[in-house]
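Coordinate-derived values only; no laboratory data. Predicted, not measured: the structure shown is a model, and the values here were computed from it. So basically every Cβ, Gly included, is an ideal-geometry build from the backbone, and we count neighbours across all protein chains shown.
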Amino acid sequence: MQETMVYNEKIEKVMANINKVMIGKEDVAVLSLVALLAEGHVLLEDVPGVGKTMLVRTLAKSLDCDFKRIQFTPDLLPSDVTGVSIYNPKEMEFEFRGGPILGNIVLADEINRTSPKTQSALLEGMEEKSVTVDGKTIPLHKPFFVMATQNPIEYEGTYPLPEAQLDRFILKLTMGYPTLQDELELLERTSKDHPIETISPVMTKEELVLIQEEVRNVYMEKNVQQYIVNLIRETRNHDAVFLGVSPRGSIALMKAAKAYAYIAGRDYVLPDDVKYLAPYVLTHRMILTSEAKYDGKTARQIVEEIVKQTFVPIRKEFS
C-alpha cells in the first residue's frame, strides 16, 4: 500500500466517512475515489462478505447524489437496467420509465451473475454515457459512476465478463480479508449499530462535478505521457502476453494518474503516480499466453515486471 495524504477538504471528509465503516482499507478507498474523480468506473472482485457492497454504500451516502442499486441475477433483463416504455392510455402515448442506470452512483452488485446480454446494457451506458431504448438515445445524468462487484469467476453460476467489457472499467480492485486486529475492531464497531447508519453527505453533486473538471486540468509533462505509452507498448511486446493493453488503457492510466495527483494535493502528475496505479489500471486489460498461465504467471506479475524494466523519466520538476 502506498501512503497517500489527502489535501482537499471535501475529499478528506469522504475518506473519513469510509474509514468509519471500512477498517484497514484506506488504499481501496483512495483508489475508488481516484476512479470517481477520473470519471471512470470500478470493478471490485473478491469473495463474498469482505465489504464490497458496504464500500459502495458508504461512498454513495457520503455524496449528495442519486444512488441506485442493481442486484444482478440470472433472470435480470436489459430493460430492468435501462428502463422501459409503458403505454399510458390516458395520454394515448408511450412514456419512458427510466431504470436504475439513470442514477448518479450505481451499485452493480454481482455483475457476473447475469447474462452477457444484460451485462452489455450496463456497460454500454458506462462507455457512451447514454442508453438507447426503443430507438431513442437518452443521456445519463452527471455525475455518473458505476461500482460493480463480482465474485471470483471460479464460483458456480457466474458469467465471466468478456475482455472488451472489462476494458470499460478504469480500475479493477480486490478487498482481501482483514487482518486479525482489523477484524476484532470490526466486531467491536458493529456490536450495536452499524457505523454506516451514522454517515451523512459531505459533498454535493455540484461540488463533485466541479472537482472532476479540476482533475481534467491537472498538468502532465510530455515525458510522463511518453512513460505511459512506453508501459502500454511493452504489454503488447511481452512474450507472456497474448493480447496487450489497448489505447483505451493509455487514456485510463493518464486519467487515473491525474486524479491521484489531485487527491495528493498536486496540480501535476509524477512518474511515481503512474507506477503505483499501473497494476490496478492495466492487469484486467491483458490476456496472457497459455504457456504463461501454465507456468503460474499472473497479469499483475507481468505488469510489475514491465514497470521495473521501463525507463522512468527524471526531471527537476519530479525531484
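Listing for the model above:
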| read-out | value |
| --- | --- |
| Long-range amide H partners of Leu171 with built H, under 5 Å | His41, Leu43 |
| Table column - 3J(HN,Hα) (Hz), the range 83-89, Karplus curve with 6.51, -1.76, 1.60, x for Gly and Pro | x, 8, 8, 10, 6, 9, x |
| Phi-based couplings in Hz for the range 205-222 (Karplus 6.51, -1.76, 1.60; Gly and Pro marked x) | 4, 5, 5, 5, 4, 5, 5, 4, 5, 5, 4, 4, 8, 4, 7, 10, 4, 4 |
| Helix-only mean residue ellipticity at 222 nm for the chain, each DSSP H run of n ≥ 4 adding -39500 (n - 2.57), per residue, nearest 500 | -13500 deg cm²/dmol |
| Cα gyration tensor category, rounded, prolate or oblate, for the chain with a/c compared to 1.5 | rounded |
| Using alpha-carbon coordinates, inclination of helix 9-21 to the longest axis of the chain, degrees | 80 degrees |
| Dipole of the range 233-319, positive end: most advanced residue of Thr235, Ile302, Val281 [Cβ charges, Cα centre] | Val281 |
| Nearest-ten-degree value, helix 52-62 long axis tilted from longest Cα axis of the chain | 80 degrees |
| Additional length obtainable on full extension of the chain from Arg216 to Asn230, 0.36 nm per residue less Cα span | 2.9 nm |
| Cβ-placed point charges (K, R +1; D, E -1), dipole of the chain about Cα centre in debye, nearest 20 | 540 debye |
| Cut-off under 5 Å, modelled amide H: who pairs with Gly83 long-range | Gly99 |
| Karplus-derived 3J(HN,Hα), 6.51/-1.76/1.60, for each residue of the range 232-240, Hz, glycine and proline x | 4, 5, 5, 5, 7, 9, 6, 4, 8 |
| Listed residue (Thr198, Val131, Pro100) projecting farthest to the positive dipole end of the chain, Cβ model | Val131 |
| Pair Thr179, Tyr268: separation of 7 Å Cα→Cβ label points (nm) | 3.5 nm |
| Helix 271-282 axis, angle to the chain major axis (alpha carbon atoms, nearest 10°) | 50 degrees |
| Cβ-placed point charges (K, R +1; D, E -1), dipole of the range 165-301 about Cα centre in debye, nearest 20 | 680 debye |
